[in-house]
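For reference, the structure discussed in these notes is given below.
The values are calculated or read from the model by the stated rules, or taken from the named source; none is laboratory data. Note that this is a predicted model, so its numbers are computed, not measured. As a convention, Cβ positions derive from the backbone with ideal geometry for all residues, glycine included, and neighbour counts pool all protein chains shown. To get the accessible areas, we keep the full protein, side chains included, count just its heavy atoms, and leave off ligands, DNA and RNA. Shrake-Rupley method; radii C 1.70, N 1.55, O 1.52, S 1.80 Å.
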Amino acid sequence: LEHLSLSVADCPGTGSAQAGRAAACQGCPNQKLCAAGATGPDPAEAAALRERLRCVKHVVLVLSGKGGVGKSTFSAILAHGLAADESKQVALLDIDICGPSIPKMMGLEGEQVHQSGSGWSPVYVEENLGVMSVGFLLGSPDDAVIWRGPKKNGLIKQFLRDVDWGEIDYLIIDTPPGTSDEHLSIVQYLGASHVDGAVIITTPQELSLQDVRKEINFCHKVKLPIIGVVENMSGFICPKCKNESQIFPPTTGGAEKMCQNLNVSLLGKVPLDPQIGKSCDKGQSVLSEAPESPATSSYRNIIQRIQEYCDQHTQEEKII
């Protein structure tokens, strides 16, 4: 039998002229997609995207290797935390096409998208916090989105090109887990603008960290800056005795050890807290529902670090 292997060590990356054409691309499931995008987006499309994104100051992608590690939860809490400053305009874009949970988490289930002369109007949680998701386009939250890659990519492009966000300070993009079509597309489309970086979500156990290492390699390949890693479900603090238990034991040192080995910033650790799940199901922010909880304290510190990173990124761009 012929031995099949898939090596990423020699992958030229999506931005290379050799993307999809190099010898290392043979047998890769994304070969056709990379080859099609190697010449870059259509100049007219790129100009339209650049014009629409011109009013966006900061773009933050939220990624995860595995599903179920709290990526969408973090995206929602990050958006709420940034929007707590009423002088800032925040947008949350959900490109998890097949599993759009942001409408539920933001208390917007049943809302619909309206179109005006300037494009699609986001659905607003607050005056300074707008949301867009495929969930708003479905007849029911239980409807399954059964789409192949090209259709997903088309909707992502439409979200970036046609949604009328107005002037915004932060665009938070909640992505599906893994490194698939949606991730390649969003990086390619945002190439017409700028991205401050990615926040990668994990849990402490090695099974999750294994996929996060792949996610970090993906970011390096596509030249996507990494703001840092957030470790969710990092221990459980008993509300009565205050002792901490490791529900998901960090058998290989958790995110902290991984970040040290890979020279990536650890933004913080968020302990398990039942209130987080309750708040998400109610469509509320745990930051306001449980302001004194250890999880809220961790989230606030992480959000502050992300703000500081974005501010520093802006200053460096001005210097350049």
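Quick check on my filter: what residues within segment 87-100 are open to solvent by 10 Å² or more (accessible area, probe 1.4 Å) and modelled with pLDDT of 95 or more? Result: Ser87, Lys88, Gln89. Scanning segment 173-187 for residues that are under 11 Å from the mean Cα position of the chain (by Cα) and of a type in the set (Ser, Thr, Tyr) yields a single hit, Thr175.
Would you say Met132 is crowded, with 24+ Cβ neighbours inside 10 Å and in contact with a Phe, Trp or Tyr (Cβ under 7 Å, 6 or more places away or on another chain)? Here the answer is yes, as Met132 does meet what is asked. For segment 215-237, a tally of residues being open to solvent by less than 50 Å² (accessible area, probe 1.4 Å) and out of contact with any strand residue (DSSP E or B) (no Cβ under 7 Å at 6 or more places or on another chain) returns 2. Cβ-Cβ distances below 9 Å connect the following pairs, each with a first residue in segment 178-189 that is closer than 16 Å to Leu53 by Cα, a second residue that is modelled with pLDDT of 85 or more and basic (Lys, Arg), and a separation of six or more residues or different chains: Ser185/Lys152; Ser185/Lys157; Val187/Lys223; Tyr189/Lys157; Tyr189/Arg161. Taking segment 188-208 as the region of interest, how many residues are among the hydrophobic types (A, V, I, L, M, F, W, C) and in contact with a Leu (Cβ under 6 Å, 6 or more places away or on another chain)? So the answer is 3. Residues in segment 135-168 that are open to solvent by less than 30 Å² (accessible area, probe 1.4 Å) and among the aliphatic types (A, V, I, L, M) were compared, and the one that is modelled with the lowest pLDDT is Val145. Within segment 170-214, can you find the residues that are out of contact with any Cys (no Cβ under 8 Å at 6 or more places or on another chain), open to solvent by 10 Å² or more (accessible area, probe 1.4 Å) and among the aliphatic types (A, V, I, L, M)? Scanning segment 170-214 gives Val187, Ala192, Val195, Leu207. Only a single item in (1) open to solvent by 20 Å² or more (accessible area, probe 1.4 Å); (2) closer than 26 Å to Asp196 by Cα; (3) modelled with pLDDT of 95 or more is not met by Glu316, and it is number (3). For segment 287-299, a tally of residues being in contact (Cβ under 8 Å) with a residue 60 or more places away in the chain and either surrounded by fewer than 16 Cβ atoms within 10 Å (Cβ to Cβ) or in contact with an Asp or Glu (Cβ under 9 Å, 6 or more places away or on another chain) (or both) returns 1. Between Gln260, Gln284, Gln304, the distinction of being open to solvent by 70 Å² or more (accessible area, probe 1.4 Å), polar (S, T, N, Q) and not in a helix (DSSP H, G or I) belongs to Gln284 only. Within segment 193-210, being in a helix (DSSP H, G or I) and either of a type in the set (A, V, I, L, M, F, W, C) or under 15 Å from the mean Cα position of the chain (by Cα) (or both) holds for Leu207, Leu209.
If Pro43 meets every condition in (1) touching a Cys at 6+ places or on another chain (Cβ under 6 Å); (2) at pLDDT 75 or above apart from one, which number is that one? Among (1) touching a Cys at 6+ places or on another chain (Cβ under 6 Å); (2) at pLDDT 75 or above, the lone unmet condition for Pro43 is (1).
Pairing each residue of segment 91-118 that is touching a residue at least 60 places away in the same chain (Cβ under 8 Å) with any residue that is of a type in the set (Asp, Glu) and open to solvent by 30 Å² or more (accessible area, probe 1.4 Å), provided the two are 6+ apart or on different chains, yields C-beta distances under 9 Å for Lys104/Asp281; Met105/Asp281.
A count restricted to segment 263-279 and to residues that are assigned to a helix (DSSP H, G or I), buried (at least 22 other Cβ atoms within 10 Å of the Cβ) and not hydroxyl-bearing (Ser, Thr, Tyr) stands at 1.
Residue selection: Gln115 fails the criterion of being of a type in the set (S, T, N, Q), surrounded by fewer than 21 Cβ atoms within 10 Å (Cβ to Cβ), within 19 Å of Glu51 (Cα to Cα) and touching a Phe, Trp or Tyr at 6+ places or on another chain (Cβ under 9 Å).
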